[in-house]
Amino acid sequence: MVSLLLLSFKHQWSAQIKKPLEFIIGLIALILNNSFYLYGIYLLAILTSDDNSLAAKEYLVSTGIVLTSWGLLNVLGGGLHQLGNLIETGELEVYLAKPRSPLFLVALSKSNLMSFGEVLQGIATIGVCAILYDLSLGLRMFASSVILIFAFASVIIMIGTFSFFTSRGSQMVRFTDIGNTLIHPHR
């Protein structure tokens with residue numbers, strides 16, 4: 001399965017590199033957008049009061065964890081967002097006929113490489129927390145990010161499977177953009 005994951009990532013990467021200027025500009029725009037919004041709130045929390053340093057620390061920690069996990073999920077398993085639509089249109093049967101796990105194949109079917117910027121930003125935030133606060137905090141943040149990937153994926157899968165029970169279950173998948181709304185609320 002790891003070789004299939006690497007092959008999928010390689011093909012997605014080669015498709016993005018065919019238009020390198022668009023990819024780099026999109027990546028920079030995503031990082032700037034996150035920086036102005038997320039780190040601006042962090043700076044406001046620090047500058048507004050001295051008593052609120054614990055809240056500022058918690059905000060920075062949660063930002064690093066969410067950015068890393070949501071970005072990795074979109075880079076490695078971006079196709080999960082289409083699960084409800086695949087079920088409704090009958091396209092899931094194509095994945096069921098293959099000898100691999102259908103959810104794994106659906107997840108690999110689409111990758112959002114722009115979210116690689118969120119991964120880089122989340123890892124940088126984890127590094128900053130490890131330097132500012134404690135190395136063990138950085139390690140716990142990274143472990144929490146890995147766990148949160150599975151939590152986000154399970155919520156997306158659960159909502160995507162509503163299409164088995166309702167006629168328009170794929171419309172509910174739009175609610176899985178909650179994670180994206182948490183990261184980019186003004187989009």
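Would you confirm whether any residue within region 103-121 is loosely packed, with under 12 Cβ neighbours inside 10 Å, assigned to a helix (DSSP H, G or I), of a type outside the set (Gly, Ala, Ser) and out of contact with any Phe, Trp or Tyr (no Cβ under 6 Å at 6 or more places or on another chain)?
Looking for residues that are loosely packed, with under 12 Cβ neighbours inside 10 Å, assigned to a helix (DSSP H, G or I), of a type outside the set (Gly, Ala, Ser) and out of contact with any Phe, Trp or Tyr (no Cβ under 6 Å at 6 or more places or on another chain), one finds none in region 103-121, hence no.
In region 84-91, is there at least one residue being at negative phi, part of a helix (DSSP H, G or I), modelled with pLDDT under 75 and of a type in the set (A, V, I, L, M, F, W, C)?
The initial filter retains those residues of region 84-91 that are at negative phi, namely 84-89, 91.
Applying the additional criterion that residues be part of a helix (DSSP H, G or I) yields 84-89.
Then keep just the ones that are modelled with pLDDT under 75; that gives none.
No: zero hits.
Would you mind stating whether TYR39 is modelled with pLDDT under 85, surrounded by fewer than 18 Cβ atoms within 10 Å (Cβ to Cβ), part of a helix (DSSP H, G or I) and not aliphatic (A, V, I, L, M)? I'd like the intermediate steps shown before the answer.
Working: modelled with pLDDT under 85: yes; surrounded by fewer than 18 Cβ atoms within 10 Å (Cβ to Cβ): yes; part of a helix (DSSP H, G or I): yes; not aliphatic (A, V, I, L, M): yes.
Yes: the conditions hold for TYR39.
Against the definition (touching a residue at least 24 places away in the same chain (Cβ under 8 Å) and more than 13 Å from the chain's Cα centre (by Cα)), how does LEU21 come out, yes or no? Full working, then the answer.
Working: touching a residue at least 24 places away in the same chain (Cβ under 8 Å): no; more than 13 Å from the chain's Cα centre (by Cα): yes.
So LEU21 does not fit the description; no.
Starting from residues that are of a type in the set (D, E, K, R) and modelled with pLDDT of 85 or more, keep the ones in region 134-187 and report whichever is surrounded by the fewest Cβ atoms within 10 Å (Cβ to Cβ). Outline the logic, then answer.
Initial filter on region 134-187 (of a type in the set (D, E, K, R)): 134, 140, 168, 174, 177, 187.
Okay, now just the ones that are also modelled with pLDDT of 85 or more, so 134, 140.
Numbers: ASP134: 11, ARG140: 16.
Applying the filter and picking the extreme gives ASP134.
How many residues are without any contact (Cβ under 8 Å) to a residue 40 or more places away in the chain and either in a helix (DSSP H, G or I) or basic (Lys, Arg) (or both) if we restrict to region 133-146?
The first filter runs over region 133-146 and keeps only residues without any contact (Cβ under 8 Å) to a residue 40 or more places away in the chain, leaving 134-136, 138-140, 143.
Now restrict to residues that are either in a helix (DSSP H, G or I) or basic (Lys, Arg) (or both): 135-136, 138-140, 143.
Number of matching residues: 6.
Okay, residues lined up against (1) under 25 Å from LEU7 (Cα atoms); (2) among the aliphatic types (A, V, I, L, M):
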residue	(1), (2)
ASN85	yes, no
LEU92	yes, yes
LYS98	yes, no
ALA107	yes, yes
LYS110	yes, no
ALA124	no, yes
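The values are calculated or read from the model by the stated rules, or taken from the named source; none is laboratory data. Remember, it's a predicted structure, so these values are computed and weren't measured experimentally. Every residue, glycine among them, receives a Cβ derived from its backbone with ideal geometry; neighbour counts consider all protein chains shown.
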